[in-house]
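Accompanying notes for the structure given below.
The values are calculated or read from the model by the stated rules, or taken from the named source; none is laboratory data. Being a predicted model, the structure only gives us computed values, none of them experimental. We place every Cβ from the backbone using ideal geometry, glycine too, and count neighbours over all the protein chains shown.
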Amino acid sequence: MTMDFIDLPPMLDATGQVRLPGSKSISNRTLLLAALAEGRTEIRDLLASDDVERMLDALRTLGVSWAREGDSDHYRVDGVAGPFPVKAADLFLGNAGTAFRPLTAALALSGGEYRLTGVARMHERPIGDLVDGLRQVGANVRYLGVEGFPPLHILPAAIRPGGMLRVRGDVSSQFLTALLMALPLTGTQTTIEVVGELISKPYISITLDLMARFGVEVQREGWTRFTVPGGARYRSPGTLFVEGDASSASYFLAAGAIGGGPVRVEGVGRSSIQGDVRFAEALAELGARVDIGDNWIEARAPESGRLKAFDLDLNHIPDAAMTLAVAALFADGPCTLRNIASWRVKETDRIAAMAKELRKVGAAVEEGADFLRVTPPAKLVPAAIDTYDDHRMAMCFSLVSLGGCRVRINEPKCVNKTFPTYFECFASITRPVPVIAIDGPSASGKGTVAARVAAALGYHYLDSGSLYRLVALAARRAELSLDDEPALAALAACLPARFSAARVMLDDEDVTDAIRSETCSVGASRVAALPAVRAALLGRQHDYRRAPGLVAEGRDMGSIVFPDATVKIFLTATVEARAQRRYKQLMEKGMGASMESLLKDLHERDARDAARTVAPLKKLPDAVLLDTTKVDVEQAVGFVLDRVRS
Ligand SMILES: Nc1ncnc2c1ncn2[C@@H]1O[C@H](COP(=O)(O)OP(=O)(O)OP(=O)(O)O)[C@@H](O)[C@H]1O
Ligand SMILES: Nc1ccn([C@@H]2O[C@H](COP(=O)(O)O)[C@@H](O)[C@H]2O)c(=O)n1
């Protein structure tokens with residue numbers, strides 16, 4: 001099976017504005033409350049994502065009528081004014097904790113028979129504390145697999161009126177949320193006592209706030225006792241606007257703090273009911289300059305340019321805290337994230353996953369049951385990041401690209417869980433390090449023009465042909481056959497080559513002239529036709545992309561190596577003109593040559609470069625043609641610079 005991935009190039013900076021998608025926590029809570037309420041609720045700006053779809057699908061199966069206004073994010077839900085009318089159903093809830101837990105509670109009190117299943121990871125996420133709580137009021141909930149975990153079988157039961165039930169608060173606050181939202185279905189006063197220290201309290205605040213908007217005021221004594229009044233019934237508030245997702249805001253605010261900024265997120269602000277808006281405070285403690293309005297937050301890099309090391313208790317912002325773990329890569333010292341044990345039972349074991357992936361980019365990481373300590377590396381290392389079907393892993397690690405380091409995000413579609421357009425939004429506020437790609441046949445003048453353009457712009461310069469020439473030379477010295485693809489690829493992967501000033505070194509030998517010999521030219525063109533050799537040289541070429549920019553020349557710069565190049569030039573000249581230039585060049589270097597053999601060699605190399613199956617030389621539709629047959633070097637350089645500046 002092939003792995004899907006997205007490659008993020010190193011970014012120059014981050015600045016701009018993002019309209020946030022709706023909050024997942026508010027969207028799924030609002031849908032459930034609207035479904036159980038009396039009357040019609042108009043929900044504006046509902047999040048469009050996998051988790052919300054799971055909830056919408058389930059509600060429809062359970063007999064709730066809802067409709068979407070065209071393609072918009074506006075929905076109309078006709079509440080059923082009490083327990084669900086459909087009394088038997090099988091529900092698949094994916095990996096949506098915000099659907100699974102509250103629906104479990106609401107269905108356990110609905111007097112029907114239901115089976116609730118999810119993806120494999122959902123079946124590894126504990127639910128025993130919620131089931132124990134529901135059993136205390138008489139609910140009949142059974143485990144279909146492992147005791148304490150989904151899938152669940154819910155059966156009709158006589159719910160005992162009133163009284164008291166106890167639930168653990170130190171594993172997931174969603175258990176308490178689920179009970180609170182479901183208990184009004186009993187119609188009797190019930191008090192919930194929280195056992196253990198309640199984690200993620202701000203999420204309970206969201207629950208209480210939304211219940212109140214639907215007409216049910218829960219009495220709270222600290223964070224230990226919650227009383228749902230008798231006779232409480234949900235009533236539609238009419239229209240309800242879903243705030244932007246504060247956890248999703250964290251990636252963009254961190255981008256502003258790391259990549260210069262300012263980056264502004266719209267949809268959350270001072271008046272938000274989401275606990276994760278307090279990520280902005282944490283970022284400010286790291287030295288970022290943060291401004292906040294009623295419905296927006298903006299972040300910029302610290303005055304000093306570098307984030308400060310931190311040691312923070314992040315229990316109140318468990319989701320957004322993940323963003324801080326990656327922001328730690330950009331801090332001026334070791335950073336500690338404390339009180340994050342709940343990460344272990346999320347979409348994946350986030351402490352273990354975060355530690356493993358941070359190490360890949362060069363950080364030193366210490367992990368404990370409920371903490372992470374991240375020591376940033378002196379220099380980030382390009383890596384392929386695994387995402388564990390966890391949207392937040394994918395979104396967090398996009399920030400690595402702001403450290404001048406390319407990063408590959410494996411299985412990026414996991415962002416669909418909460419933010420399907422995440423990578424488009426990230427692209428809209430970031431500027432990749434620009435690349436000018438100049439491709440063309442041998443002796444067309446690519447190298448000469450590219451080097452001058454790079455000098456004029458102060459950019460780095462990549463002569464990709466020299467890498468193939470080096471492989472050919474090293475292969476000859478190692479007496480490798482030019483047909484032995486695996487051996488040549490292994491050689492290419494660890495080529496001991498260095499480029500210093502205008503000299504090319506192989507080990508400690510200056511091979512600048514040696515790689516220009518006709519034998520190396522022919523050898524280069526042969527090894528360049530081997531896919532494994534090309535693949536082995538790809539990462540090395542990508543590493544040339546560094547701020548402030550790169551001019552790269554070769555045969556496949558615009559097509560394969562830097563397909564997102566800002567400017568693509570196909571530089572060519574007639575084969576006769578090219579042969580003459582090469583002849584003159586060799587004569588000037590005191591090297592003998594014959595026009596006849598040069599013409600033959602160019603014809604052969606052109607044919608081989610154009611005919612090979614991998615990365616064949618050809619002009620791309622998005623490349624600009626520059627024929628230099630009758631154009632001198634100055635004019636050619638001017639042409640490219642005009643394109644870059646236009
Ligand atoms: N527009 C031009 N007019 C005349 N001579 C040129 C022009 N462009 C380049 N040259 C000369 O042609 C010779 C070959 O150019 P250069 O080495 O830059 O080509 P190249 O395309 O990089 O070749 P290769 O692919 O073999 O490395 C050089 O001596 C260079 O000075
Ligand atoms: N991107 C590239 C660059 C070069 N090649 C092959 O290497 C040979 C030598 O390149 P020069 O630019 O130094 O002439 C060339 O003939 C190509 O076969 C390539 O495939 N891709």
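Could you say which residue among Arg264, Arg270, Arg220 is of a type in the set (Lys, Arg) and either assigned to a helix (DSSP H, G or I) or not assigned by the TED database to the domain that holds Thr421 (or both)?
Every option except Arg220 fails the conditions.
So, of the residues in region 605-646 that are in a loop (DSSP other than H, G, I, E, B) and among the basic types (Lys, Arg), which turns out to be nearest to ligand 1 (Cβ to nearest atom)?
Out of the qualifying residues, it is Lys630.
Residues are listed down the side, and each one gets a yes or a no for (1) modelled with pLDDT of 95 or more; (2) in contact with a Leu (Cβ under 7 Å, 6 or more places away or on another chain); (3) not β-branched (Val, Ile, Thr):
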| site | (1), (2), (3) |
| --- | --- |
| Thr566 | yes, no, no |
| Ile569 | yes, yes, no |
| Lys584 | no, no, yes |
| Leu602 | no, no, yes |
| Arg605 | no, no, yes |
| Arg608 | no, no, yes |
| Ala611 | no, no, yes |
| Lys618 | no, no, yes |
| Ala636 | yes, yes, yes |
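Consider Ala249 carefully, then state whether it is farther than 30 Å from Pro184 by Cβ, of a type outside the set (Lys, Arg) and touching a helix residue (DSSP H, G or I) at 6+ places or on another chain (Cβ under 6 Å).
For Ala249, the condition - farther than 30 Å from Pro184 by Cβ, of a type outside the set (Lys, Arg) and touching a helix residue (DSSP H, G or I) at 6+ places or on another chain (Cβ under 6 Å) - is not met.
Going residue by residue through region 528-540, is there one that turns out to be within 16 Å of ligand 1 (Cβ to nearest atom), outside any helix (DSSP H, G or I) and free of Cβ contacts under 8 Å to residues at least 40 places away in the same chain?
No, the conditions are met nowhere in region 528-540.
Go over the candidates Tyr388, Tyr461, Tyr468 one by one and state the one that is among the hydroxyl-bearing types (Ser, Thr, Tyr), within 16 Å of ligand 1 (Cβ to nearest atom) and either modelled with pLDDT under 95 or not in a helix (DSSP H, G or I) (or both).
Every option except Tyr461 fails the conditions.
Keeping to region 588-600, report how many residues are within 10 Å of ligand 1 (Cβ to nearest atom) and part of a helix (DSSP H, G or I).
1
From the list Leu47, Leu32, Leu36, exactly one residue is over 16 Å from Met211 (Cβ atoms) and crowded, with 22+ Cβ neighbours inside 10 Å. Which is it?
One residue alone meets the criteria, Leu47.
Tell me which strands (runs of 3 or more DSSP E) are completely within region 1-67 and hold 1 or more residues being in contact (Cβ under 8 Å) with a residue 24 or more places away in the chain, under 30 Å from Pro382 (Cα atoms) and polar (S, T, N, Q), or say none if there are none.
Here the list reads 11-19.
Among the residues of region 362-394, how many are in contact with a strand residue (DSSP E or B) (Cβ under 9 Å, 6 or more places away or on another chain) and in contact (Cβ under 8 Å) with a residue 40 or more places away in the chain?
9
For region 420-458, which positions are of a type in the set (Val, Ile, Thr) and either surrounded by fewer than 24 Cβ atoms within 10 Å (Cβ to Cβ) or away from ligand 1 (no atom under 16 Å from the Cβ) (or both)?
Within region 420-458, Thr421, Ile429, Thr430, Val433, Val435, Thr448 qualify.
Find the residue count for region 343-385, including only residues that are in a strand (DSSP E or B) and either buried (at least 23 other Cβ atoms within 10 Å of the Cβ) or aromatic (Phe, Trp, Tyr) (or both).
4
Kindly indicate whether Gln580 is within 9 Å of ligand 1 (Cβ to nearest atom), surrounded by fewer than 17 Cβ atoms within 10 Å (Cβ to Cβ) and within 20 Å of Arg469 (Cβ to Cβ).
In short, no.
Results for (1) of a type in the set (A, V, I, L, M, F, W, C); (2) out of contact with any strand residue (DSSP E or B) (no Cβ under 6 Å at 6 or more places or on another chain); (3) outside the structural domain of Ile560 (by the TED database); (4) at pLDDT below 90, shown as yes or no for each residue.
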| position | (1), (2), (3), (4) |
| --- | --- |
| Leu495 | yes, yes, yes, no |
| Phe499 | yes, yes, yes, yes |
| Val504 | yes, yes, yes, no |
| Asp510 | no, no, yes, no |
| Cys520 | yes, yes, yes, no |
| Ala524 | yes, yes, yes, no |
| Ala528 | yes, yes, yes, no |
| Val533 | yes, yes, yes, no |
| Gly539 | no, yes, yes, no |
